Amino acid sequence: MDNRTNISWEKKLFYAVLGAAAILLVALAPKSAVNVDEQLHYPHAKHVVNWYFTGGKDQSALQTPVTNLKYYGQSVDNMTALFNRVFNVEDEFLVRHYTGAIFFWLLLLIAGKLSTEISGSYTIAVLTVLAIMFMPRVAGQAFGNLKDIPFAAGYMAGLLMIIRFIKEFPFLRWRTVILLGLAIAFTVSVRAGGFILFAYLGMVVMLYIIRKPFYLIQVVSTKPVFVKLLGQGAAILAVGYLGGLLFWPYALQNIFLHPFESLRVMEHYKVSIRQVFEGNLMWSTQLPWYYLPKWLLISSPLFLLAGFSVFAVLYTRQLLTQVRLRRQFFLEGFILFAALFPFVYVIIIDSNLYSGIRQMLFILPPMALLAVIGTYRLINQLILKNRTAGYVTGVVFMILLVLPVRHQAATFPVDYVYFNELSGGNRMAWSNYEYDYYFHSVKEPVAMIAGLAATEEVVVAMNSNLSNYFDGLPNITYRYSRYLERSSEDWDYGIFGLNYIHPYLLKNNLWQTSETIQTFYHKGNPVAILVKRSDRSDYDGITEVARGNYEEGIALLEKAAEKDPNNIWLLVHLARAKLKLGDSGGYRFFAGKARQVHPYYEPLYLLDAHYYEGRGEDIRALEVLEQLFEQNPRYEPARELYEMLKSRNN
């Protein structure tokens, strides 16, 4: 009776925590930030919806040579585009963020259900839900990341249904069969990587038969059971495979080839993104094998790392010491495999990873579940031996569990940018690792610019694609500009996130411009700036030089460079202008000043190569270009000169 009462209270607490989570998500969704990926995937989602509405006549969803978006199922993005179109929604991104909140809540629910399915304990379910909620890298992307969070929810649903499948096997309920098929279908519809759930299902069935071979004989010899199982297997395959393709135009063009082509593309994504890692600016295709393990170690809460380590030790000890292993052991082993296999697999095949652990978020919820199980088991074992030690350990782990909450509360909506205490925290990570890669931090200066501009017609430059922030402000015109090259664009105000900038500039405070009117901080680190252009001498100078009016242009550029001495782009243009005029002394002067600001800036290497080539020093020019390609092997503006010099000099 007492045990049933405890379970009843634990169950009520579980749903109470889920209810509180739902209220919190509903409250936060309107205050969340739009991320740069949304401005990439949502327009594609509109093309997908239009493909269906036009009966396939609009081929935009199938023609994505640059973005490769046709290879994404991105069903949740597509659903929001369909909803917004059907109901003529004005605030489209608000719908997206509420949708993200729904799927994050579903992730919590499914993770809790999976916890009880394995452990039979609602206490473990409650702690698992809290562990995921207090994981900034996951919860911080709850609203705008409609790929990785829904994929994680689908992945966990697939694991849950596979466990129910194996518990019922070979006498499966049709409800389990259909739900398993739907879980796989949904996961595949988000990303082709969801096909891995089919492999998991096949693996556990094979292991079950190996462990209990007599069941295979019984099933095969009992015709009704065998026929039913074949039908149920076919149903899982049909629902899981075909259902995952229904909202995916490219897959529907060839249902047997294109889904697997997409899987191959996703495993070795061709798009390379330059980012900061270990204090160096690197292309994602250059990153070392330990990129993912390093990011997991520095950006995961200490509770996850400690709890998962405890589980691994206790699980290994159980494997080595127990002669007869219970079913519980195998169920936990399956979740462990589901957490570790993708992690190891992407390292082995050298997948193109970037933006921290974002692409692998789906392994964190199963890790959180195992961390809770390991911690709970350790505390109970300690209590049996020494009650005080058990309670102290429990308090320590609870402190570790809630430790990230302060960060989340203080930094929303940029709370996903989190580095744990083991790594030195956010302060040590800034300028050493890519920080706010989603550009959440520009939301605050955008709100400020509306007040500054009032009704005046202004042009706002941004180094992100988040033009959506100005959709309701007809007096503000958005213009894209790289931060370092901002002087080449005509604008009145600038909002620039301090992302994808060379660590040398960040560490030496040489990124700053004299035109900044406010700097925005995150845990003491500058993450965005609001800039007001005081005059147009920089832009006009570049324009005049481009027209061939060198004297006037150089005078304007010198004036602008004196006012903004860290503006590397102005110094590059001055050096280039002097080079075109044949003024070697002037070139060396401005090129030298530019190197004092940014010695690793690619345009300077290219200018030097042109300088030496013009003096007939081809070998020296080639040496400079080789140094450039060592810094940045994908700097294409230098490729033509490099090939010409190589050809000319054998």
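The values are calculated or read from the model by the stated rules, or taken from the named source; none is laboratory data. These numbers come from a predicted model, not from an experiment. When we count neighbours, we look across all protein chains shown, and the Cβ atoms used for this are built from the backbone with ideal geometry, even at glycine. To get the accessible areas, we keep the full protein, side chains included, count just its heavy atoms, and leave off ligands, DNA and RNA. Shrake-Rupley method; radii C 1.70, N 1.55, O 1.52, S 1.80 Å.
For segment 183-248, what class follows from the C-alpha gyration tensor (a ≥ b ≥ c being the square roots of its eigenvalues): rounded when a/c is under 1.5, otherwise prolate if a/b is larger than b/c, else oblate? It would help to have the intermediate numbers written out before the result.
Numbers: a/c = 5.74, a/b = 1.91, b/c = 3.00.
Because a/c hits 1.5 or more and a/b fails to exceed b/c, segment 183-248 counts as oblate.
Applying the Karplus parametrisation 6.51 cos²θ - 1.76 cosθ + 1.60 with θ = phi - 60° to the phi angles of segment 456-470, what ³J(HN,Hα) value in whole Hz is obtained for each residue in order, glycine and proline being reported as x?
5, 7, 9, 10, 10, 8, 9, 9, 9, 8, 7, 5, 4, 4, 9
With +1 on each Lys and Arg Cβ and -1 on each Asp and Glu Cβ, how big is the dipole of segment 388-489 about its Cα centre, in debye rounded to the nearest 20? Intermediate values should be presented prior to the final figure.
On the way: 6 positive and 10 negative charges, 53 e Å.
About 260 debye.
Give a quick list of chymotrypsin sites (Phe, Trp or Tyr not before Pro) in segment 381-451 that DSSP marks as loop, anything other than H, G, I, E or B, with at most 13 other Cβ atoms within 10 Å.
Answer in residue order: no site qualifies.
For the chain, build the charge dipole from Cβ charges (+1 Lys, Arg; -1 Asp, Glu) around the Cα centre, then report which of ALA199, LEU645, MET360 sits farthest towards its positive end.
Value computed over the given set: ALA199.
Rounded, prolate or oblate for segment 317-398? Axes are the square roots of the Cα gyration tensor eigenvalues, ordered a ≥ b ≥ c, and the cut-off for rounded is a/c under 1.5.
On the way: a/c = 3.42, a/b = 1.65, b/c = 2.07.
Oblate.
Taking the Cα of VAL271, stepping 7 Å toward and past its beta carbon, and measuring to each backbone N in segment 59-97: which are under 12 Å?
Of the residues in segment 59-97, 64-72 have backbone N under 12 Å from the label point off VAL271.
So in the chain, what percent of DSSP beta bridges are antiparallel if you round to the nearest 5?
Details: 16 of 25 bridges.
In the chain, approximately 65 percent of DSSP beta bridges are antiparallel ones.
Name all residues of segment 208-247 having a backbone nitrogen under 18 Å from the label point set 7 Å from the Cα of LYS167 along its Cα→Cβ direction, giving them as ranges.
Backbone N within reach: 208.
Go through LYS12/LYS167; LYS443/LYS532; LYS294/LYS532; LYS46/LYS443; LYS70/LYS646 and tell me which ones have a Cα-Cα distance over 28 Å in this structure.
Numbers: LYS12/LYS167 25 Å; LYS443/LYS532 17 Å; LYS294/LYS532 39 Å; LYS46/LYS443 24 Å; LYS70/LYS646 38 Å.
Where the Cα-Cα span goes over 28 Å, the pairs concerned are LYS294/LYS532; LYS70/LYS646.
Using the alpha-carbon centroid of each, what span in Å lies between segment 380-445 and segment 17-51?
Cα centroid of segment 380-445 versus Cα centroid of segment 17-51: 24 Å apart.
Could you compute the FRET efficiency for ALA234 and SER355, with r as their C-beta to C-beta distance and R0 at 41 Å, rounded to 0.05?
Values: r = 39 Å, r/R0 = 0.95.
E(calc), rounded to 0.05, equals 0.60.
In sequence order, what are the phi-derived ³J(HN,Hα) couplings for segment 582-591 according to the Karplus relation 6.51 cos²θ - 1.76 cosθ + 1.60 with θ = phi - 60°, rounded to whole Hz, with x for glycine and proline?
Result, ordered by residue: x, 8, 4, x, x, 4, 4, 5, 6, 5 Hz.
Taking only DSSP H segments of four or more residues, each worth -39500 (n - 2.57), what value at 222 nm results for the chain once the sum is divided by all its residues, to the nearest 500 deg cm²/dmol? The partial results should precede the final answer.
Working: 28 runs with 405 residues, N = 650.
Only helices count here, giving -20000 deg cm²/dmol.
Can you order the peptides 366-374, 67-75 by their average number of other Cβ atoms within 10 Å per residue, highest first?
Put in order of decreasing packing, that is 366-374, 67-75.
Considering amide H positions built from the backbone, and no H for Pro or chain starts, which residues 5 or more places from HIS522, or on another chain, come under 5 Å of its amide H?
VAL527
Just the number, please: Stokes-Einstein D of segment 401-553 in µm²/s, Kirkwood Rh from C-alpha pairs, 25 °C, 0.890 mPa s.
Result for D is 145 µm²/s.
Calculate, in nm to one decimal, what THR222 and GLU278 gain on full extension: separation in residues at 0.36 nm each, minus their alpha carbon distance.
Details: separation 56, 0.36 × 56 = 20.16 nm, distance 6.08 nm.
Fully extending the segment from THR222 to GLU278 adds 14.1 nm.
In segment 323-357, what trypsin sites (Lys or Arg not before Pro) fall in a loop by DSSP, with at most 10 other Cβ atoms inside 10 Å? Mind showing how you got there, number by number?
Numbers: sites: ARG324, ARG326, ARG327; in loops: ARG324, ARG326.
Answer in residue order: ARG324, ARG326.
Over segment 89-152, what lengths in whole Å, largest first, do the semi-axes of the equivalent ellipsoid take, defined as the square roots of 5 times the eigenvalues of the alpha-carbon gyration tensor? Please report the intermediate quantities before stating the final value.
Details: eigenvalues 136, 23, 14 Å².
They are 26, 11, 9 Å, listed largest first.
Kindly state, to the nearest 0.05, the FRET efficiency for ARG536 paired with ASN509, given R0 = 25 Å and r defined as their beta-carbon distance.
On the way: r = 26 Å, r/R0 = 1.04.
Once the sixth-power term is evaluated, E becomes 0.45.
Project the alpha carbons of the chain onto their principal axes and report the range along each, largest first, in whole Å.
92, 60, 56
Beta carbons within 10 angstrom, averaged per residue: use that to sort the peptides 631-639, 130-138, highest first.
Values: 631-639: 13.4, 130-138: 24.6.
Per-residue mean Cβ counts within 10 Å order the peptides as 130-138, 631-639.
What Kirkwood hydrodynamic radius, in Å, does segment 149-229 give when the mean of 1/r is taken over all pairs of distinct Cα atoms and then inverted? Mind dumping the intermediate values first?
Working: mean 1/r = 0.0752 Å⁻¹.
Here the Kirkwood hydrodynamic radius works out to 13.3 Å.
With unit charges on the beta carbons (Lys and Arg positive, Asp and Glu negative) and the dipole taken about the Cα centre of the chain, which residue among PRO224, PHE256, VAL271 sits farthest to the positive side?
The residue sitting most towards the positive pole is PRO224.
How large is the accessible surface per residue of the chain, computed with a 1.4 Å probe and reported in Å² as a whole number? Let's see the in-between values first.
On the way: 28700 Å² over 650 residues.
Accessible area per residue, the chain: 44 Å².
Tell me which of THR187, VAL392, PHE629 sits at the most positive position along the dipole axis of the chain, charges placed on C-beta atoms (Lys, Arg +1; Asp, Glu -1).
So the residue we want is VAL392.
How large a share of the accessible area of the chain, in percent, is made up of carbon and sulfur atoms when the probe is 1.4 Å and the other protein chains stay in place? The partial results should precede the final answer.
Working: 17230 of 28700 Å².
So the carbon and sulfur contribution to the accessible surface is 60 percent.
Which translational diffusion coefficient, to the nearest whole µm²/s, is obtained for segment 269-309 from the Stokes-Einstein equation, given a Kirkwood hydrodynamic radius over C-alpha pairs, 25 °C and 0.890 mPa s? Write out the running numbers ahead of the final one.
Details: Rh = 11.7 Å.
For the chosen part, D equals 210 µm²/s.
Based on alpha-carbon centroids, what's the gap between segment 112-130 and segment 226-290 in Å, whole number please?
Between the Cα centre of segment 112-130 and that of segment 226-290, the gap is 29 Å.
Based on the mean of other beta carbon atoms within 10 Å per residue, what is the order of 277-285, 334-342, 523-531, most packed first?
Working: 277-285: 16.4, 334-342: 18.9, 523-531: 20.4.
Most protected by this proxy first, the peptides run 523-531, 334-342, 277-285.
For segment 530-546, in order, what is each residue's ³J(HN,Hα) by Karplus, 6.51 cos²θ - 1.76 cosθ + 1.60 with θ = phi - 60°, in whole Hz (x at glycine and Pro)?
Values per residue, Gly and Pro as x: 10, 10, 10, 6, 7, 7, 9, 4, 5, 5, 5, x, 4, 5, 5, 4, 4 Hz.
Nothing charged except the Cβ atoms of Lys and Arg (+1) and of Asp and Glu (-1): what's the magnitude of the dipole of segment 260-324 about its Cα centre? Round to the nearest 20 debye.
Using only the charged Cβ atoms, the result is roughly 160 debye.
About the Cα centre, and with charges only on the beta carbon of Lys, Arg (+1) and Asp, Glu (-1), how big is the dipole of the chain? Nearest 20 debye, please.
Details: 59 positive and 51 negative charges, 717 e Å.
The calculated dipole for the chain is roughly 3440 debye.
Can you list the aspartates and glutamates whose alpha carbon sits under 15 Å from that of LYS270, skipping same-chain ones fewer than 8 residues off?
GLU261, ASP350
Which of rounded, prolate or oblate describes segment 207-364 when judged by the alpha-carbon gyration tensor and an a/c cut-off of 1.5? Working shown, then result.
On the way: a/c = 3.20, a/b = 1.26, b/c = 2.54.
Oblate, since a/c reaches 1.5 and b/c is not below a/b.
Given a Förster radius of 51 Å and the C-beta distance between ALA27 and GLN631 as r, what FRET efficiency does 1/(1 + (r/R0)^6) yield to the nearest 0.05?
On the way: r = 47 Å, r/R0 = 0.91.
That gives a FRET efficiency of 0.65.
How large is the convex hull of the Cα atoms of segment 1-119 per residue, expressed in Å³ as a whole number?
146
Below 8 Å, C-alpha to C-alpha, sequence gap of six or more: please give me the relative contact order for segment 520-588 in percent. If you can, show how the numbers build up before the last one.
Working: 57 pairs, mean separation 14.0, N = 69.
With pairs under 8 Å counted, the relative contact order is 20 percent.
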